[in-house]
Amino acid sequence: RSNRGGDYKAGTNATLTSPPIDLRGVSDPQLTLWHWYEVFGSDTPNSFDDAAWLEVQAQGENPIRVEPEGGYTDLSDGESDSPLAEGTPVYAGHSVDWERASFDLRPFAGKIIRLRFRLWNDLLEVLSNGATGAGWYLDEVEVSGRRFCHPAPSLSPGSLGTVMQGESLLNLGVQGT
């Protein structure tokens, strides 16, 4: 979310952070959302201007930038103390309408995470062209995955004895299905 009263301000470096999301016991977690953005980009897909992106922060770890399925729409700038290296893929430009985006969260399965939606403005670009944008708007943000109801069965070590050539496993008490 950005400034509801107009464009985001020059020098913006904002983060919208989710409450903790427990992915312990979850397999194949995925984030889906609907979003609309107007993030200043003078020449998408190679603007090197302002940027919006998703980070995931696992408990006790540093945030990690995550790519959406299908990739981001533009490239970030490296000026004005950018938190990203120049040329990092990000959302910038203007979405035509509300768009659906999906992010693979499998690397974070088994952890407690927070989603961090970042919006950053290249202050030098504002000084030279006077433009920012309306920002990044999010709706219907959902994290889903399969949760295990029961722990996976474990096998305990044991000896079946020795099977001699020509002997049947049935003689050792092992039965097939």
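The values are calculated or read from the model by the stated rules, or taken from the named source; none is laboratory data. This one's a predicted model, so the numbers in the text were calculated from it and none came from an experiment. Glycine also receives a Cβ, built like all others from the backbone with ideal geometry; neighbour counts cover every protein chain displayed. We work out accessible area using only protein heavy atoms, side chains counted, and drop any ligands, DNA or RNA first. Shrake-Rupley method; radii C 1.70, N 1.55, O 1.52, S 1.80 Å.
Condition check ((1) under 17 Å from ASN13 (Cα atoms); (2) open to solvent by less than 50 Å² (accessible area, probe 1.4 Å); (3) at pLDDT below 90) across all residues:
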site: PRO45; (1), (2), (3): no, no, yes
site: GLU79; (1), (2), (3): yes, no, yes
site: ALA101; (1), (2), (3): no, yes, no
site: ARG106; (1), (2), (3): no, no, no
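Any idea which residue in the range 49-70 is least open to solvent (accessible area, probe 1.4 Å), counting only those that are in contact (Cβ under 8 Å) with a residue 60 or more places away in the chain and more than 19 Å from ALA134 (Cβ to Cβ)?
Going through the qualifying residues, I end up with VAL56.
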Q. Is it true that GLU125 is closer than 19 Å to ASP7 by Cα and not basic (Lys, Arg)?
A. yes
Q) LEU75 fails exactly one of the following numbered conditions: (1) in contact with a Leu (Cβ under 9 Å, 6 or more places away or on another chain); (2) at pLDDT 90 or above; (3) open to solvent by 30 Å² or more (accessible area, probe 1.4 Å); (4) not β-branched (Val, Ile, Thr). What is the number of that condition? A) (1)
